[in-house]
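Here's the structure, in structure tokens; my notes come after.
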Amino acid sequence: MDKRVGAFLGVIALVAVIIVVLVTGGSGTSSGDDAGGDVAVEGEGGAPTNADLADVAKADVRREGDEILFVAEMAMEIPEQIEGGSLEFRWDLSIGGRDAWIISALVATDTTAAVTAQQTNYGSSTIDDTMPGSVEADGTTLTIALRPGNIDAFPDAFSWRLRTTLDGDRADPKSPVAYDEAPDGGPGQFR
């Protein structure tokens, strides 16, 4: 009887471990999650109004069909425009530890996106309709969808980091900015 009780308790413990692994997401690979309320401020004069607009809740880079999606889920709803200011989203992509590409979006009077190569002269943007893809801000989520097959030498695998920057006064180069970076657990990986 004692062996059966021990076996039963062992099965219960194993089920509990499996549940914990499933709920917490398993191993410690960088997931794109970001702690809430961790916005920092640079510059003098205090934080810009609504500094929490820069607060990233989660970031992700994933493939869907023939597109790569760069997704930022924010703690607050993203406004359609920021009067006199701007909110920048910048994914820095690196390959083998070297900076290689910048994927960015800017919310100011409207929402635009751009792709810039750091090792070649490639550049494209939604401003002049040269970027092969789109940008959309919907609620708390900003998504840049790229078609990498239309971009010469765009990598199949890379490390990435997202930085958001809220500038409350674009006209003043000395105005303080609020920023956040994700993921908290180190660079994300796209393969």
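Values computed for the structure shown
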{"item": "Length released on extending from ARG63 to THR109, taking residue separation times 0.36 nm less the Cα-Cα span", "result": "13.6 nm"}
{"item": "Volume of the Cα convex hull of the range 105-166, divided per residue and given in Å³", "result": "116"}
{"item": "Long-range amide H partners of GLY85 with built H, under 5 Å", "result": "ARG170"}
{"item": "Reduced Cα scattering model of the range 31-190, Debye log10 I(q)/I(0), q = 0.13, 0.14, 0.15, 0.19 Å⁻¹", "result": "-0.58, -0.68, -0.78, -1.23"}
{"item": "Isotropically averaged projected area of the range 51-104, using the convex hull of Cα atoms (one quarter of hull area), nm²", "result": "5.3"}
{"item": "Residue (of GLY97, THR143, LEU69) at the positive-pole extreme of the range 31-190, dipole from beta-carbon charges", "result": "GLY97"}
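Throughout, read-outs are computed from the coordinates displayed, never taken from laboratory work. Everything numeric here is computed off the predicted structure, so don't read it as measured data. Note that we place each Cβ from the backbone using ideal geometry, even for glycine, and neighbour counts take in every protein chain shown.
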